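Contents: one structure, followed by commentary.
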Amino acid sequence: VGMAFRKVYRCPLRRRPVSVWVKAQNLIVSNDCSHLSGAGRITEVIRMRQAVMKRLQRQGAYLDIQLAMPTGEVTDTERAVEEVEGVQASKDLPQDQDHMLWECSCEPDSSIDAGLDILDVDETGHRPGYPMPYRVTLDKESKAVLEIRRDWKPGDSDHRRKRKYVKYGFIPGMGFYDLGLIHAAGNPTMAATMLERSAVDSALFNNFPGGLILQGPGTGTKSTNFRMAPGEWQPVNAGGATNIRDVLMPMPYKPPSAESMALKDSLAQKVSEIAGVIDLPVGEGRIGNTPVATIMSYIESVSQVPSAIHKDDHIAQSEEYELLRDLLADEPGILTRGNKSPKHKWELAEELLAPDLVAAADPNTPSAIHRLMKLNQMIQLCENPVFAGIPNLRKIFEDAIQLLCNGLATEYMMPAQAAAPPPPDPRVVAAQIKAQSQAQSDQAKQTQAELDHQARMAELAQDATQRDQDRQSAETRAAMSLEGQQLKAAHDTANAGADRAHEAGIAAMGHAADARAQAGAQQHEV
């Protein structure tokens, strides 16, 4: 139907403010007005059980008079709606019939009826000189007025009508009443349904054909209107002819054409676009690597109409909460009535009427897929090293668990650690980074110097070792040379002694020979 209403009022039976749903067909407003605040008369059709009516009369909400027995009249609109819903529009037992009341928010004019002069005076006795708003309730069957009550707040010098109804619309129309989804997508939906049914019937008859079979002579044909079920053949009299496609003639049923199926898909796509159906390509390899910003842009482009409707309904719901808060401010104790240990006891109306006590919601996040995409984008932002140390990852995890599991995040979290220190000053961080870089550079230089020193010391040690080896080699060669000289000297000395001994032997032999010669000579002489 395109719209619905919420009625915010103080229920005399429940003795507290309530917000109830009102069907669009039960609220009668002139189609010329653009908003409820500009309507001259707002009439609500109320169906009330007989027991509830008697209770309200005894409590003083309505005038305690004898009413006619309700007839249970059902309007054409109610009969059509209830027929679609599959329920019975009328009731059989007389005691089950409901009273039909007309609750009118109107501005009675005393110039039409002189008996209405009393309605031109406000609660202070002042006559403002213009019609003032009243709430008038009538019983349809009895034609009796059940109540006439002032419909402005006490003390309001402007006598403005109390806001009681909140409109929840779908697509704004040319007048007061909005257009519903059936108005925007009804015709293409019916056309697509017709094409789909035709395709099903065509495929059924193509798979199970039916037709005509030649009837024998002498029997007449009762009708020329043939309607065969799938697989059914009906006889027909050919008037003595023997050729009806050689006794059998299949009906010219054709399979579904490609053009009709393409038209059906096109209509279904148009209906989806009008309805704002979001079809995400979630198949393998289609959305896995797609950036979140791209997906969000796609969702925003597809759901422009539903987003606008959601934002309008968000404004309407905020208005509903404001009306409910104003009623609760008149009786703050209702909030804690029946609660033996309330956490907060509302005692002053100023607390409820505080400017910061407002309904908090984000109309730019109309669905869970929007929240998931925003959460994913937030996680990707936290992974950026540029923002390292800034995000509160624990809070992001709590929000993610609340969104995914709709429960307490503490069940999935480790015990909280000590609170992280506040983020440092960027200038201090830059100075620390510079100092760390300088320290690392100095450390690298010192390490290189130590390595150079160690290399030099190793080189010197190697040179000293080489010199020691050369010295040892020289000493060894000197010792060997000395030993050789000594051996040579000893050999020369031995050779010289041998020569002298040989010479002495030779000399001794010479002396011996001389002695023998001398002795021989002497002997010879003798």
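The values are calculated or read from the model by the stated rules, or taken from the named source; none is laboratory data. Computed from a prediction, not measured in an experiment: that's the story for all the values here. So basically every Cβ, Gly included, is an ideal-geometry build from the backbone, and we count neighbours across all protein chains shown. Please note that ligands, DNA and RNA were not included when accessible areas were found on the heavy atoms of the full protein model with its side chains. Shrake-Rupley method; radii C 1.70, N 1.55, O 1.52, S 1.80 Å.
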Can you sort Met373, Met174 by solvent-accessible area, 1.4 Å probe, largest first?
Met174, Met373
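Please label the shape of region 19-172 as rounded, prolate or oblate, based on the square roots a ≥ b ≥ c of the eigenvalues of the alpha-carbon gyration tensor (a/c under 1.5 means rounded; beyond that, a/b larger than b/c means prolate, else oblate).
Details: a/c = 2.33, a/b = 1.41, b/c = 1.65.
In terms of gyration-tensor shape, oblate.
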Classify region 1-59 as rounded, prolate or oblate from the Cα gyration tensor: take a ≥ b ≥ c as the square roots of its eigenvalues, call it rounded if a/c is under 1.5, otherwise prolate when a/b beats b/c and oblate if not.
prolate
Placed amide H near Ser142: partners under 5 Å, 5+ positions off or other chain
Ala68
Show me the ranking of peptides 119-129, 177-187, 96-106 by mean Cβ neighbours inside 10 Å, starting with the highest.
96-106, 177-187, 119-129
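May I ask you to give the average projected area over all directions of the convex hull of the Cα atoms of region 349-497, in nm² rounded to one decimal? The partial results should precede the final answer.
On the way: hull surface 89.2 nm².
Taking a quarter of the hull surface, the average projection is 22.3 nm².
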Put one equal scatterer on each alpha carbon of region 449-496, apply the Debye formula with no solvent term, and list log10 I(q)/I(0) at q = 0.22, 0.29 1/Å to two decimals.
-0.76, -0.92
Starting at the first residue of region 382-391, write each ³J(HN,Hα) from the Karplus equation 6.51 cos²θ - 1.76 cosθ + 1.60 with θ = phi - 60°, in whole Hz, x for Gly and Pro.
5, 6, 5, x, 5, 9, 4, x, 8, x
Rounded to the nearest 0.05, what FRET efficiency is calculated for Ile433 and Gln466 with R0 set to 56 Å and r the Cβ-Cβ distance?
0.70
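Would you mind calculating the gained length between Ala515 and Ala494 on full extension (0.36 nm times residue separation, minus the Cα-Cα distance), in nm to one decimal?
Working: separation 21, 0.36 × 21 = 7.56 nm, distance 3.04 nm.
Stretched out fully, the Ala515 to Ala494 stretch lengthens by 4.5 nm.
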